[in-house]
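These notes concern the structure reproduced below.
What follows is calculated from the coordinates using simple rules that are stated; it is not laboratory data. On a predicted model such as this, the values are computed, not experimentally measured, just so you know. We place every Cβ from the backbone using ideal geometry, glycine too, and count neighbours over all the protein chains shown.
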Amino acid sequence: MRLSRIYLNSDLELQCRVELPTAAAHYVKNVLRLKGGQQIILFNGKDSHEFTCQIEFARKAVSAIPLVMTEKKLESPIHSTLIQALGKPEHIDFMVQKSTELGVNKITLFNSERTQHHLKAERLQKKLEHWQGIMISACEQCGRNTLPEIEFITGLECALKSSPASDKILLDFAGAGFQQISSKFDSGNSFVMLIGAEGGLSETEIQQASQAGFIPCRMGPRVLRMETAAIAILALVQHQFGDMS
């Protein structure tokens, strides 16, 4: 039987008891309905290790004792970064969840010219915590032990400057097909993919990206939604160069 996996933001060591925080304790006790002596898997998102743990109950507290440490390497051989213009909240949530399952290493979000509701500084920390929570849930489900990074950068110019030196793809309906441009990628080890919000990137933003070395790419003859485009290009890159071939 597959053991349930729970993220715990804490150092984990064999035979060292850890008390589960309120939310995790509630999940173990009232959702999974586990009993004392049964097992779960804990991981802390910092490396490729996970711990098979025995559950114990003491009054209202729920604790876990790590019994076995296992190294589980599910990270893709390529390093992938999505630079995504902010769109509707539900679309961004969906994109964060699915790209985490597909193996993305980093997501950079930014306010674009066509972002309808710009993220303001006073709401930033709360939104980052929300998106990280989605990533944690996705990692618990898909088996990843290492959490992707997520950051917010005010505008595209700063986002482009922060992108690493790697193969760069710009989703643009006027670009060439993926198979046509894939031969231009010389590293095959690191990819940055730029996606606009609903309505796409503006002409100015497309020009900025092109000047920064991004290669325009079209995802077939149909116009894809923002969140679909991000997932599709990541899946294609993972299939061609990563671990989904």
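Let's see if you can work this out: charge +1 on each Lys and Arg Cβ, -1 on each Asp and Glu Cβ, no other charges. What is the dipole magnitude of the chain about its Cα centre, in debye to the nearest 20?
Working: 26 positive and 26 negative charges, 157 e Å.
Here the size comes out at about 760 debye.
Over all Cα pairs of region 149-223, how is the pair count split among 5 Å bins, expressed in % and running from 0 up to the last occupied bin?
Bins of 5 Å from zero give 3, 14, 28, 25, 18, 10, 1 percent of pairs.
Once amide H atoms are built 1.01 Å from N in the peptide plane, which residues 5 or more positions from Leu109, or in another chain, come under 5 Å H to H?
For Leu109, whose amide H was placed from the backbone, the distant partners under 5 Å are Gln84, Glu151, Phe152, Ile153.
What order do you get for His79, His130 when you list them from fewest to most C-beta neighbours inside 10 Å?
His130, His79
For region 53-63, take each phi angle, set θ = phi - 60°, evaluate the Karplus expression 6.51 cos²θ - 1.76 cosθ + 1.60, and give the result in whole Hz per residue in order, putting x for glycine and proline.
10, 9, 8, 9, 10, 9, 6, 8, 7, 10, 10
If I require 20 Å or longer along the helix axis, counting alpha carbons, and a Kyte-Doolittle average no lower than 1.0, what helices from the chain are left? Use full DSSP H segments.
Counting only whole DSSP H runs, the qualifying helices are 226-241.
Using a cut-off of 15 Å between alpha-carbon atoms, which aspartates and glutamates can reach Lys73, once sequence neighbours fewer than 8 places away in the same chain are excluded?
Result set, ordered by chain and number: Asp47, Glu50, Glu101, Glu140, Asp243.
Kindly write out, for region 173-179 in residue order, the coupling ³J(HN,Hα) from the Karplus curve 6.51 cos²θ - 1.76 cosθ + 1.60 (θ = phi - 60°), rounded to whole Hz, with x marking Gly and Pro.
Going residue by residue, I get 4, 8, x, 7, x, 4, 5 Hz, with x marking Gly and Pro.
For the chain, what does the relative contact order come out to in percent, with C-alpha contacts under 8 Å and a separation of six or more? Walk me through the numbers before you get to the answer.
Details: 454 pairs, mean separation 49.7, N = 245.
Taking the mean separation of contacting Cα pairs over the length of the chain, I get 20 percent.
Which semi-axis lengths, in whole Å and largest first, follow from the square roots of five times the eigenvalues of the Cα gyration tensor of the chain?
Calculated on Cα positions only, the semi-axes equal 38, 20, 14 Å.
Would you mind estimating how fast region 5-71 diffuses translationally, via Stokes-Einstein at 20 °C and 1.002 mPa s with the Kirkwood radius over Cα pairs, in µm²/s?
Rounded to a whole number, D works out at 183 µm²/s.
Apply the Karplus parameterisation 6.51 cos²θ - 1.76 cosθ + 1.60, with θ equal to phi minus 60°, to every residue of region 20-32 and state each ³J(HN,Hα) to the nearest whole Hz, in sequence, with x for glycine and proline.
Running phi through 6.51 cos²θ - 1.76 cosθ + 1.60 with θ = phi - 60° gives 6, x, 3, 5, 5, 5, 4, 4, 5, 7, 9, 9, 6 Hz.
Rank these for me by crowding, Phe57, Phe191, going from fewest to most other beta carbons within 10 Å.
Phe57, Phe191
List every residue whose amide H lies under 5 Å from the amide H of Glu198, counting only residues 5 or more places away in sequence or on a different chain, with H placed 1.01 Å from N in the peptide plane.
Lys88
Counting only DSSP beta bridges with both residues in region 5-71, tell me the antiparallel percent, nearest 5.
Looking only at bridges with both residues in region 5-71, the antiparallel portion is about 85 percent.
For region 184-232, take the convex hull of the Cα atoms, compute a quarter of its surface area, and give me that in nm², please.
The Cα convex hull of region 184-232, projected and averaged over all directions, gives 4.1 nm².
Calculate how many DSSP beta bridges within the chain are antiparallel, expressed in % of all such bridges and rounded to the nearest 5. Please list the in-between numbers first.
Numbers: 16 of 44 bridges.
Given both bridge residues lie in the chain, the antiparallel proportion sits at roughly 35 percent.
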